[in-house]
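All remarks here apply to the structure that follows.
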Amino acid sequence: MTNEAGVGIPEPCDSHSAAPRWATVVATFFGIGRLHPGPGTWASAATVVLWWILSKGIPVALQPLTVALLALLAIGIGVPAATRVARASGSKDPQFVVIDEVAGQLIALIAAPITWKCLLAGFILFRGFDIVKPPPVRNLERLPEGFGIVLDDVGAGLYALLCMRALLHFGILPR
């Protein structure tokens, strides 16, 4: 941009720079975080469906370990991705950042049999705990940046996992 004398004028700049592309792809879970309404619910549903598809090629004995490792991967790359995207957006916890839902949903499905009843129960339980955020889950939101974004959903996933284990133990859900 130049003025009448042809002298360069600096472009106005945002107070926030754009997040790296990898961080946006990860944080929005390949764009699912842009779906409305309820991007977190869309991300949880997509996670359940993707886990169901992926689990078909994994021996049953390795499924709990595999889903746990996928959850750790989502946390490990999700925290820095969420941090970068939150900084770039200027929001503490942008709604379109859904890698936290992916991690929490995967945790809820650890050791759950791959049946429609178990997958649906895991989905409902995780979404419920993610929305309600019982103590001390809500306190985890106070952690800085990506840690606060991701770890509250990890806590909700752990609550859902405990409930899933109880439902399976007492025979309410089939093994």
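Summary of values
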item	result
Count of residues meeting criterion [part of a helix (DSSP H, G or I) and either charged (D, E, K, R) or more than 17 Å from Ala46 (Cβ to Cβ) (or both)] in the range 89-100	2
Val67 vs. criteria assigned to a helix (DSSP H, G or I), within 30 Å of Ser17 (Cβ to Cβ), out of contact with any Gly (no Cβ under 6 Å at 6 or more places or on another chain) and β-branched (Val, Ile, Thr)	no
Residue pairs meeting the criteria (Cβ under 7 Å; at least 6 apart or on separate chains; first within 16 Å of Arg34 (Cβ to Cβ), in the range 84-96; second among the hydroxyl-bearing types (Ser, Thr, Tyr))	Val85/Thr24; Ala88/Ser17; Phe96/Thr28
Any hit, the range 109-116, residues being assigned to a helix (DSSP H, G or I) and at negative phi	yes
Members of the range 125-167 found to be assigned to a helix (DSSP H, G or I), farther than 19 Å from Pro94 by Cα and not aromatic (Phe, Trp, Tyr), listed by number	Leu125, Gly128, Gly157, Leu158, Ala160, Leu161, Leu162, Cys163, Met164, Arg165, Ala166, Leu167
Positions within the range 38-55 being crowded, with 17+ Cβ neighbours inside 10 Å and either in a loop (DSSP other than H, G, I, E, B) or among the aliphatic types (A, V, I, L, M) (or both), in sequence order	Ala43, Ala45, Ala46, Val48
Those residues of the range 85-143 which are surrounded by fewer than 16 Cβ atoms within 10 Å (Cβ to Cβ) and hydrophobic (A, V, I, L, M, F, W, C), in sequence order	Ala111, Trp116, Leu120, Ile124, Ile131, Val132, Leu143
Selected residue (criterion: farthest from the chain's Cα centre (by Cα)) from residues of the range 1-29 that are at pLDDT 95 or above and exposed (fewer than 14 other Cβ atoms within 10 Å of the Cβ)	Arg21
Any hit, the range 56-63, residues being in a helix (DSSP H, G or I), surrounded by 14 or more Cβ atoms within 10 Å (Cβ to Cβ), of a type in the set (Gly, Ala, Ser) and at pLDDT 95 or above	no
Sole exception among (1) assigned to a loop (DSSP other than H, G, I, E, B); (2) of a type in the set (Gly, Ala, Ser); (3) over 26 Å from Val49 (Cα atoms) for Ala86, by number	(1)
Count of the range 131-153 residues which are under 15 Å from Ser44 (Cα atoms) and either of a type in the set (D, E, K, R) or without any contact (Cβ under 8 Å) to a residue 24 or more places away in the chain (or both)	3
Flag for Ala88 being at pLDDT below 95 and either under 19 Å from Gly31 (Cβ atoms) or aliphatic (A, V, I, L, M) (or both)	no
Meets criteria (touching a residue at least 24 places away in the same chain (Cβ under 8 Å) and within 21 Å of Ala19 (Cα to Cα)) for Lys117	no
Condition met for Ala156 (surrounded by fewer than 19 Cβ atoms within 10 Å (Cβ to Cβ), within 21 Å of Leu65 (Cα to Cα) and in contact (Cβ under 8 Å) with a residue 12 or more places away in the chain)	no
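The values are calculated or read from the model by the stated rules, or taken from the named source; none is laboratory data. This one's a predicted model, so the numbers in the text were calculated from it and none came from an experiment. Glycine gets a Cβ as well: all are built from the backbone with ideal geometry, and neighbour counts include every protein chain shown.
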